[in-house]
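The values are calculated or read from the model by the stated rules, or taken from the named source; none is laboratory data. Everything numeric in this text was worked out from a predicted model, so none of it was measured. Cβ placement follows ideal geometry from the backbone for every residue including glycine, while neighbour counts extend to all protein chains displayed. The protein model used for the area step is the full one, side chains on, heavy atoms only, and it has no ligands, DNA or RNA in it. Shrake-Rupley method; radii C 1.70, N 1.55, O 1.52, S 1.80 Å.
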Amino acid sequence: MLNNIPEIISNQKAFFNTQKTKDVSFRISVLKKLKQAIISREKDIFEALHNDFKKPSFEAFLSENGLVIAEINLAIKHLKSWSKPERVKSSVLLFPSKDYIYKSPYGTVLIIGPWNYPFQLAINPLIMAIAAGNTVVLKPSELTPNTSQLVADIVKDIFPKEMATVVQGGVDVSTELLKQHWDYIFFTGSVSVGKIVAQAAAKHLTPVTLELGGKSPCIIDDTINLNLTAKRLVWGKFFNGGQTCIAPDYLIVKASIKNGLIDALKNEILKAYGDAKNSEDYPRIINRKNFTRLTQLLKGVTIAFGGDYNEEELYLAPTLIDEPPLDSEVMKDEIFGPILPILSYETEDDITSIIRHYDKPLSLYVFSKNRRFIENTIEKFSFGGGAINDTLIHYGNANLPFGGIGASGIGAYHGKFGFDTFTHNKAIVKRGNWVDPPFRYAPYSTSNLRLIKTMFKWFS
């Protein structure tokens, strides 16, 4: 496979140069075929995700193929309008002219998908890259072999390999792919690997989108409904076994309600999963390496609930940790698992000192009925996106851009924002010939300079 990578890219570049992908009707036709293939293989998707890490069918539909179908429907419905040249207001300084933004694909795109949502986070970027008129090489995660093989089968059945193809493998394959000269790179994964991708892209000045992560805080004041807040926190934190880049990484709770919230969280965990080890609705940790990393985080901290695990089954119970120090292992990096540290605060300055101890997060959540507190929090902190009085849900609205800032990512996508990500905006001025104002041409004069200054003053 490693030896074939340059040939794959060469063939895709040649196919792109045929201009066939510029045909919007052609793009729509392949997207419709992709949609039907995904619908017809729903059970296969559920089975693959369950085999990879026991993901329940409900979560699989909600967070994987359901979101993918919604994205395809949006692209099919709006692609013709998205692709049209956009007329913009002309400047008087350019009179007479008509000005446009042409929507141009970048060319050959590399998409590297993650393991935590291995179907959706591979296929959704593919959809919008194809919708924008690019060719695509997709590298799914080697940690979810069943889902990755299914993705490869679907892509092979639908697309000419010169238009879109899947390349499977581990780190060696990713390394070889990143050595190549791409027109765009889209990566979803960890911060550490994101830095490697950015360095590789910089060698060719290749534009990138990096969808990363970080320690996403959740702030909870004393105005909230304890039981409803706990229910929404348990859903958002332990969905997908806690292996979600936008899951609440830790809580910052008003000290006066912390114990009450912990009790409510315990009750909601038991309502949701009972004995989670035997629950059909509770996934497993993706592999032994991540399992070991997570269980090491439990050492030297106060466990308020859970904490039990089974290495053979890669099972780690929903776990609450009470007041871990900011320099403890569990608070150093993104947890990415079913462990929820709970910190307390007395003043808003306490919140600020905790959050600014870390890099800019991908998400931030606030549970409160205090409008001033909510708005001040949104304005004060820099983060990718978030929600008020809930978790995760901002991801599900295609009208909102999804992406990080700083260490949590570069760029954004979803819906039209996804199409824009894979599209170069080409600025075009179509100048008229029926009149040609002479003042811009040499030889220059003082009177013409005064005229130019006046025009800039009044019309720019």
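So, Leu320, is that one among the aliphatic types (A, V, I, L, M), touching a Lys or Arg at 6+ places or on another chain (Cβ under 8 Å), crowded, with 16+ Cβ neighbours inside 10 Å and on the phi < 0 side of the Ramachandran plot or not?
yes
Has the stretch 148-166 got any residue that is in contact with a Phe, Trp or Tyr (Cβ under 9 Å, 6 or more places away or on another chain) and at positive phi?
Within the stretch 148-166, none of the residues are in contact with a Phe, Trp or Tyr (Cβ under 9 Å, 6 or more places away or on another chain) and at positive phi.
Anything in the stretch 405-433 that is in a loop (DSSP other than H, G, I, E, B), open to solvent by 20 Å² or more (accessible area, probe 1.4 Å), of a type outside the set (Val, Ile, Thr) and in contact (Cβ under 8 Å) with a residue 12 or more places away in the chain? List them, or say none.
Those that are in a loop (DSSP other than H, G, I, E, B), open to solvent by 20 Å² or more (accessible area, probe 1.4 Å), of a type outside the set (Val, Ile, Thr) and in contact (Cβ under 8 Å) with a residue 12 or more places away in the chain: Gly411, Ala412, Gly432.
Here is a check on your reading of the model: is Lys98 modelled with pLDDT under 95 and either open to solvent by less than 10 Å² (accessible area, probe 1.4 Å) or in a strand (DSSP E or B) (or both)?
Here the answer is yes, as Lys98 does meet what is asked.
Suppose we filter Val155, Val173 for residues that are part of a helix (DSSP H, G or I), farther than 19 Å from Phe422 by Cβ, touching a Leu at 6+ places or on another chain (Cβ under 9 Å) and aliphatic (A, V, I, L, M); which single one remains?
Val173
Could you please tell me which pairs satisfy a Cβ distance under 6 Å, a separation of 6+ or placement on different chains, a first residue in the stretch 343-372 that is farther than 21 Å from Leu212 by Cα, and a second residue that is open to solvent by 40 Å² or more (accessible area, probe 1.4 Å) and part of a loop (DSSP other than H, G, I, E, B)?
Close Cβ pairs (under 6 Å, with a partner that is open to solvent by 40 Å² or more (accessible area, probe 1.4 Å) and part of a loop (DSSP other than H, G, I, E, B)) amount to Phe367/Asn389; Ser368/Thr223; Lys369/Thr223; Asn370/Thr223.
Looking for whichever is within 19 Å of Ile354 (Cβ to Cβ), surrounded by fewer than 20 Cβ atoms within 10 Å (Cβ to Cβ) and of a type outside the set (Asp, Glu) here; the options are Ala247, Ala272, Ala255. Which one fits?
Exactly one residue qualifies, and that residue is Ala255.
Being at pLDDT below 95, open to solvent by 40 Å² or more (accessible area, probe 1.4 Å), among the hydrophobic types (A, V, I, L, M, F, W, C) and not in a strand (DSSP E or B) is true for just one of Leu74, Leu93. Which residue is that?
Answer to the selection: Leu93.
Take Gly384 and decide whether it is out of contact with any His (no Cβ under 8 Å at 6 or more places or on another chain) and either among the aromatic types (Phe, Trp, Tyr) or open to solvent by less than 50 Å² (accessible area, probe 1.4 Å) (or both).
yes
What are the residues in the stretch 53-70 that are open to solvent by 10 Å² or more (accessible area, probe 1.4 Å) and acidic (Asp, Glu), if any?
Glu59
Considering each of Lys215, Lys237, Lys195 in turn, give the residue that is of a type outside the set (Asp, Glu), at pLDDT 95 or above and part of a loop (DSSP other than H, G, I, E, B).
Lys215
Does Thr165 count as of a type outside the set (Gly, Ala, Ser), open to solvent by 10 Å² or more (accessible area, probe 1.4 Å) and in contact (Cβ under 8 Å) with a residue 60 or more places away in the chain?
Considered against the rule, which asks whether it is of a type outside the set (Gly, Ala, Ser), open to solvent by 10 Å² or more (accessible area, probe 1.4 Å) and in contact (Cβ under 8 Å) with a residue 60 or more places away in the chain, Thr165 comes out as yes.
Would you confirm whether any residue within the stretch 85-106 is over 20 Å from Ala70 (Cα atoms) and touching a Leu at 6+ places or on another chain (Cβ under 8 Å)?
Looking through the stretch 85-106, none of the residues is over 20 Å from Ala70 (Cα atoms) and touching a Leu at 6+ places or on another chain (Cβ under 8 Å).
Scan the stretch 199-206 and tell me whether some residue there is touching a residue at least 60 places away in the same chain (Cβ under 8 Å) and open to solvent by 10 Å² or more (accessible area, probe 1.4 Å).
no
Looking at (1) assigned to a loop (DSSP other than H, G, I, E, B); (2) free of Cβ contacts under 8 Å to residues at least 12 places away in the same chain, find the lone condition where Thr223 falls short.
Checking Thr223 against (1) assigned to a loop (DSSP other than H, G, I, E, B); (2) free of Cβ contacts under 8 Å to residues at least 12 places away in the same chain, the one that fails is (2).
For the stretch 270-284, which residues satisfy the criterion of being out of contact with any helix residue (DSSP H, G or I) (no Cβ under 7 Å at 6 or more places or on another chain) and polar (S, T, N, Q)?
Asn278
Among the candidates Thr377, Thr391, which residue alone is surrounded by 23 or more Cβ atoms within 10 Å (Cβ to Cβ) and either in contact with a Lys or Arg (Cβ under 8 Å, 6 or more places away or on another chain) or not in a helix (DSSP H, G or I) (or both)?
Just one listed residue meets the conditions, Thr391.
Does the stretch 183-191 contain any residue that is part of a loop (DSSP other than H, G, I, E, B) and farther than 30 Å from Glu42 by Cα?
Yes; the residues of the stretch 183-191 include at least one that is part of a loop (DSSP other than H, G, I, E, B) and farther than 30 Å from Glu42 by Cα.
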